[in-house]
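I have placed the structure first, in the form of structure tokens, so that the comments after it can refer back to it.
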Amino acid sequence: MNVDLYERIWMWGVGIVLAGFFGTMAFATISSGMAPPSHIETIDPNPATVMTDPRVAPQGVSQDADGHVHVRMVGLTFAWLPNELTVPANTPVTFHLTSTDVVHGFEIVRTNGQTTVVPGYISQFTTTFDPGEYLIACNEYCGVGHQTMSAKLTVVPAASWTADRVAAPTPEVADAH
Ligand SMILES: [Cu+2]
């Protein structure tokens, strides 16, 4: 079959661009273990288990022995526990979230802190914040009280922040992928 030179150039060009797209995606996925922030670590969604599992309890802000800041939160109809948090500015903060009932959408408004919170799974992400006050909202309709499901995040300069408690290091995810 005779394919015109210009057509062949375009075909090869498109092929190379596609290979580039998929190549960068594969590279990021494999080399840095990139994965969605949920559906990796499982938990029994029974409230009695969730409220005592050390990965998400006690809820609130803590700092581990290495100085890393963790936020443990539970979403339930229709609240985030706890509903007020204070974290240090420009410091990596790792969020550990789960739900005891239905799917909720955790969104720290005007930041890149966002994940779906699914019963039976622990969602986890790490981000940093500029000082200020941020609204935490549920952005996935979860029932009749959905619009009341909010919390407040206060970000203060790191020098004036102290952890609510010092917590044991978070257990590593044994079976990550
Ligand atoms: Cu909700």
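Bear in mind these aren't lab numbers, they're just calculated from the coordinates by the rules spelled out. Just so it is clear, the structure is predicted and the values come from calculations on it, not from any experiment. Heads up, the Cβs are rebuilt from the backbone with ideal geometry, glycines too, and the neighbour counts pull from every protein chain shown.
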From DSSP H assignment alone, runs of 4+ in the chain each adding -39500 (n - 2.57), the sum over residues rounded to the nearest 500 puts [θ] at 222 nm at -6000 deg cm²/dmol
Mean-square fluctuation maximum in Gaussian network of the chain, Cα pairs under 10 Å, restricted to Ala26, Ala137, Ala57, hits Ala26
Packing-ranked peptide list from 84-92, 2-10, highest mean Cβ count within 10 angstrom first, is 84-92, 2-10
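Can you tally the net charge around Leu135? Count Lys and Arg as +1, Asp and Glu as -1, for every other residue whose Cβ sits under 11 Å from the Cβ of Leu135.
Working: positive: Arg110, Lys152; negative: Glu107, Glu133.
With Lys, Arg at +1 and Asp, Glu at -1, the net is 0.
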